[in-house]
1. Could you tell me whether I39 is more than 28 Å from D75 (Cβ to Cβ) and surrounded by 12 or more Cβ atoms within 10 Å (Cβ to Cβ)?
2. Where the second residue is aromatic (F, W, Y) and modelled with pLDDT under 75 and the first is surrounded by 14 or more Cβ atoms within 10 Å (Cβ to Cβ) and lies in the range 45-63, which pairs have Cβ atoms under 9 Å and are six or more apart or on separate chains?
3. Here are the criteria: (1) loosely packed, with under 12 Cβ neighbours inside 10 Å; (2) in a helix (DSSP H, G or I); (3) assigned by TED's automatic domain parsing to the domain that holds D75. Tell me which single one I22 does not satisfy.
Amino acid sequence: MHRLNLTIDEKLYEQARAVSFIEKKSISQMIRESLSQYIAHNSKTKQQADLILEANDEKEILSILANEKFTSNDDFKSKFNL
């Protein structure tokens, strides 16, 4: 697990503290769950991020980021009946 420093305003922190108390969860757990949900609901960006993490070199990463006509693996497979 990695440590992350996060800066939020006072009001948001107090709200998070209150929800944390009510739900009996740590603020860190709430942030992990929220971030996981955010990534899961942005499937195109998630797929691009997965490709970047699998990329072999900087040139390949820049190509992935520059390609606005990104096609997901599922779309590619259905298009070519794979």
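The values are calculated or read from the model by the stated rules, or taken from the named source; none is laboratory data. In this text the structure is predicted, and so the values were computed from the model without any measurement. Using ideal geometry, Cβ is built from the backbone for each residue, glycine included, and neighbour counts are taken over all protein chains shown.
1. no
2. Within 9 Å, the pairs are Q47/F70; Q48/F70; L51/F70.
3. It is condition (3) that I22 fails.
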